[in-house]
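To start, the structure under review is shown below, and the notes come after it.
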Amino acid sequence: MMMEHVMEHHYDFDLTYITERIISVFFLPDLDEQRYRRNLQEVASMLKSKHQDKFLLLNLSEKRHDITRLNPKVQDYGWPDLHAPPLDRICAVCKAMETWLTSDPNNVVVLHCKGNKGKTGVIVAAYMHYSKISAGADQALTTLAMRKFCEDKVSSSLQPSQNRYIYYFGGLLSGTIKMNSSPLFLHQILIPSLPNFQAGGGYYPFLKIYQSLQLVYTSGQANAFPSLSHFDSSAEREVVFRVQFHTCTVHGAQLWFGKTELDLAGTDDRFPPDATVEFIFSTGPEKMKGREYRKNDASIKVDYNTSDPVVRWDSYENFNLHHQDSMESNQVYFGSESTSSGNGGPLQSVLSGHHANRQQKKVRLRSYSLTWHLKYHVLIQ
């Protein structure tokens, strides 16, 4: 399949014909508003001149009024940058693409993304799996073109969790992933190797768990170096790693991730090569009989007061509550954690709706993410 690529030095966007009927439009995340709007108008002119009113724009980024004004055929499916989308959202995007493309042979789909290219990669890779269900005579060529786009343009931008959700989606559609339809209760998270983040001060690691962009659990803060106890009042927060997964794929009591399977940590030299994160599950909230619960080293002190505003920041509470270009949308977004959901859509029979619920300090979840943060303090000499 011939790929038509539009990219000139005076443009701040990348417009690529992945196939004859699937188009990617990508804008850099740090592009200022004025240049973005000017380039968006240029994109709309190009598409209208070639496809008239036959294009449907699927917005994978935050909602914006200006996109809708330029083209009324817009559907919003945005999720936080550098994250995997919920499985039901992947289903919804693929269904929207199929419905539009099959309704008229002249129709084309435009995937709009302002941010990391991994978002577009997730949808294109997922649609390769989805379209095989109703494969036509030209499906082989279309699949080849989509695979070439993923390999050449976006594979290096995909986060481990994004690759994991592509694998989930393909496996669930093909039946190669055996489904666990029962909810699991998370009892422990084990992180045996601490990264080397002690840079002249002290740090307090803590965990956050989200489901469907909703915060369901915040751990206490562990003082990894208690001898560094004299700090000023300033503090900063950094995401050390995040990991997304769906419990419909979990069979057994343990789930283990190595360094290369963790977002952010995989390319961070401060993490030792043997760094791991392990999750311990059971099918009920009761303490697991016959299992020894591991405890922190005696030198590590944990502060369970989570009222500290640095710890309490909820990275997703404002996501998509307003259009990004609204005058009233002047909130600060802290888009560094992750979450996912798995209810509804074509996989509804697979991803039945089990909602987050906390019982006896256990977390009962279907699809969730864990993010490990550090709160930094500057050491006063």
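The values are calculated or read from the model by the stated rules, or taken from the named source; none is laboratory data. What you see is a predicted model; the values in this text were computed from it and never measured. Methodologically, a virtual Cβ is constructed for each residue, glycine included, from the backbone with ideal geometry; neighbour enumeration extends over all protein chains shown. Side chains are part of the model used for accessible areas, which takes the heavy atoms of the whole protein and leaves out ligands, DNA and RNA. Shrake-Rupley method; radii C 1.70, N 1.55, O 1.52, S 1.80 Å.
Values computed for the structure shown
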item: Checklist (1) out of contact with any strand residue (DSSP E or B) (no Cβ under 6 Å at 6 or more places or on another chain); (2) assigned by the TED database to the domain that holds THR247; (3) open to solvent by 60 Å² or more (accessible area, probe 1.4 Å) applied to TYR217, failing item; result: (1)
item: So LEU255, is it on the phi > 0 side of the Ramachandran plot, buried (at least 16 other Cβ atoms within 10 Å of the Cβ) and modelled with pLDDT of 70 or more; result: no
item: Whichever residue in segment 19-56 is among the polar types (S, T, N, Q) and not in a loop (DSSP other than H, G, I, E, B) and, among such residues, is most open to solvent (accessible area, probe 1.4 Å); result: GLN34
item: Segment 196-211, residues that are assigned to a loop (DSSP other than H, G, I, E, B) and either at pLDDT 75 or above or among the aromatic types (Phe, Trp, Tyr) (or both); result: PHE197
item: Scope segment 57-91; condition part of a helix (DSSP H, G or I) and under 16 Å from the mean Cα position of the chain (by Cα); matching residues; result: LEU87, ASP88, ARG89, ILE90, CYS91
item: Candidates LEU173, LEU158, filtered to the one that is open to solvent by 40 Å² or more (accessible area, probe 1.4 Å), touching a residue at least 12 places away in the same chain (Cβ under 8 Å) and not aromatic (Phe, Trp, Tyr); result: LEU173
item: Filter result for LYS148 (touching a residue at least 60 places away in the same chain (Cβ under 8 Å) and either over 18 Å from CYS91 (Cβ atoms) or open to solvent by 30 Å² or more (accessible area, probe 1.4 Å) (or both)); result: yes
item: In segment 273-322, residue modelled with the highest pLDDT [restricted to those that are closer than 30 Å to PRO80 by Cβ and among the acidic types (Asp, Glu)]; result: GLU278
